[in-house]
Amino acid sequence: MARPSPAALDASALPPVDRVLGWPGVNDLSLRHGRTAVLAAARAELGACREKAKSHLLTEHDLEPARLATAIAARVAAATRPRLQLVWNLTGTVLHTNLGRAPLPREAIDAVARAQGEAVALEYDVTTGKRGDRDELVAPRLAALCAAEHATVVNNCAAGLLLTLGALARRREVIVSRGELIEIGGSFRLPDLMRAAGARLIEVGTTNRTHLADYESAISARTAMILKVHPSNYRITGFAAEVPSNALAGLAAARGLPFVVDLGSGALIDLAAYGLPAEPVVADVVAAGADLVLFSGDKLLGGPQAGLIIGRETLIRRLNRDPLKRALRPGKLTYAALDAVLALYQSPESLPERLTTLRLLTRGADSIRATAERLCPVVAAALPAGYVAAIEPVASEIGSGAQPGETLPSYAVAIRPRGTQKASLTSLAGRLRRLPRPILGRLAGDCLFLDMRCLEETAEADFSAEIGRLNR
Ligand SMILES: *Cc1c(COP(=O)(O)O)cnc(C)c1O
């Protein structure tokens, strides 16, 4: 407890809240933000003063009308400020789950903007005037792109798995290789999800090796499906063996079981054709005999958060009849964005230019280096004393579990403490995070890397203005 100061006021010195609301600086706030928000802020600020009084720390200065008005204005601003902030993703991870994964292409942004404030024919067939099906907006294109019979859409890939397991394997068994019992960041654990769906997990093989015979001997009258999960965020190397999809598909078909593949990222097109690390292509997995394939909308596809399920029409219809489908279906904004993104895929030639995710992933090291060269002096000028900035080659990652271990050559503005002075990089990183639009880099050892891959030329001026605020 602080020692009572002779100048300390007690709580009786506090002005009544109604009087404070009438002060000019506060009254103006009410006109702009309404009485409710300002009353709440005034009460909170006076409450803080009351606490100070209890600790004998309240002074005349605290109760000056100008100071109180400023503090109340700050509280109103904090209460009404959007919580979802834009950030600069200079982490080097393009599909960063914590940063919202795929940035949408312009066409999808426009489609979402159009759809959000107007009535749309989401489940309405304008030719017949009858009720329609929201999946029909995207299913035909999606199925065609995957060379599959049919498609359905849910909230995300985890929801896709929940629906598939719930609808096809409730109270029955699902066979999965031990090498594929994955946990993905953010509490996605396959065994937990299975339990939540009411399916029983039958693990086969060992962590590093699973053979066709392991699956074969696990099949019983209780088996509902064989599930293969793409090990997204890790890789087993060395003495390892997994059963290829076509062999599993053959076994499942021979025993009358559905073969389901959770691909996670899943590319609609062959990324190797664009010089990127090869990632399983959905159509190839279908061709290998998968009955259902599940993948995310906001990973390599480059669209909104969604879980896409494609495959046999009979199975998709069973999923759509399950009550879980109604609970897991996305809203109109997702369909608007997905529709626009799938339309871009109709012109694959222009995809690397128009699909933002692919444009960032295929961005050439020369172009990234040019950005780093233009911005390095800007960063250097904005840095507080004690730090130096230089251009350095780095390795970006696709992120979201696509091709773990594979990297993309990139360039960063690398910030280090100058000489022997030990200015703290963590404190600098904290200051960058407190900018109006936080700048997020990657701290590694004695260096803060600002990977320039996701900073496109059109955004350089805004970035320069942002980092220029560091010293103000
Ligand atoms: C990312 C991933 C998921 C989860 O996808 P969400 O769309 O985030 O729900 C599931 N399975 C695999 C293999 C993944 O890589």
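The values are calculated or read from the model by the stated rules, or taken from the named source; none is laboratory data. It should be emphasised that the depicted structure is a prediction, and the values quoted were computed from it without experimental measurement. No Cβ is skipped: glycine too gets one built from the backbone with ideal geometry, and neighbour counts run over all protein chains shown.
Does residue 315 qualify as being at pLDDT 95 or above, away from the ligand (no atom under 11 Å from the Cβ), in contact with a strand residue (DSSP E or B) (Cβ under 6 Å, 6 or more places away or on another chain) and not aromatic (Phe, Trp, Tyr)? Taking the combined requirement at face value, the residue satisfies it.
Within the group 239, 259, 295, which residue is aromatic (Phe, Trp, Tyr) and within 29 Å of residue 352 (Cα to Cα)? After ruling out the rest, the residue left standing is 295. Those residues that are within 15 Å of the ligand (Cβ to nearest atom), more than 20 Å from residue 363 (Cα to Cα) and touching a residue at least 60 places away in the same chain (Cβ under 8 Å), I need them from the range 251-280; list them, please. Within the range 251-280, 260, 262, 264 qualify. Among the criteria (1) modelled with pLDDT of 95 or more; (2) more than 16 Å from the ligand (Cβ to nearest atom); (3) of a type outside the set (Lys, Arg); (4) surrounded by fewer than 23 Cβ atoms within 10 Å (Cβ to Cβ), the one residue 305 does not fulfil is (2). Within the range 193-210, the only residue that satisfies the criterion of being surrounded by 20 or more Cβ atoms within 10 Å (Cβ to Cβ) and within 13 Å of the ligand (Cβ to nearest atom) is 194. Every test in (1) away from the ligand (no atom under 16 Å from the Cβ); (2) in a strand (DSSP E or B) is passed by residue 283 save one, and that test is (2). Of the listed requirements (1) out of contact with any Lys or Arg (no Cβ under 7 Å at 6 or more places or on another chain); (2) surrounded by fewer than 20 Cβ atoms within 10 Å (Cβ to Cβ), residue 428 misses just one: (2).
Applying the criterion of being in contact (Cβ under 8 Å) with a residue 40 or more places away in the chain and of a type in the set (S, T, N, Q) to the residues of the range 331-366, the residue that is surrounded by the fewest Cβ atoms within 10 Å (Cβ to Cβ) is 346.
Tallying residues that are in contact with a Phe, Trp or Tyr (Cβ under 7 Å, 6 or more places away or on another chain) and over 16 Å from residue 163 (Cβ atoms) within the range 286-300 yields 2. For residue 196, the requirement of being outside any strand (DSSP E or B) and in contact with a His (Cβ under 7 Å, 6 or more places away or on another chain) is not met. Restricting attention to the range 29-51, the residues being surrounded by fewer than 17 Cβ atoms within 10 Å (Cβ to Cβ), free of Cβ contacts under 8 Å to residues at least 24 places away in the same chain and assigned to a helix (DSSP H, G or I) number 7.
Considering each residue of the range 400-423 in turn, none proves to be exposed (fewer than 14 other Cβ atoms within 10 Å of the Cβ) and aliphatic (A, V, I, L, M). Quick one: would you say residue 419 is closer than 25 Å to residue 275 by Cβ and part of a loop (DSSP other than H, G, I, E, B)? Spelling it out, it is not the case that residue 419 is closer than 25 Å to residue 275 by Cβ and part of a loop (DSSP other than H, G, I, E, B).
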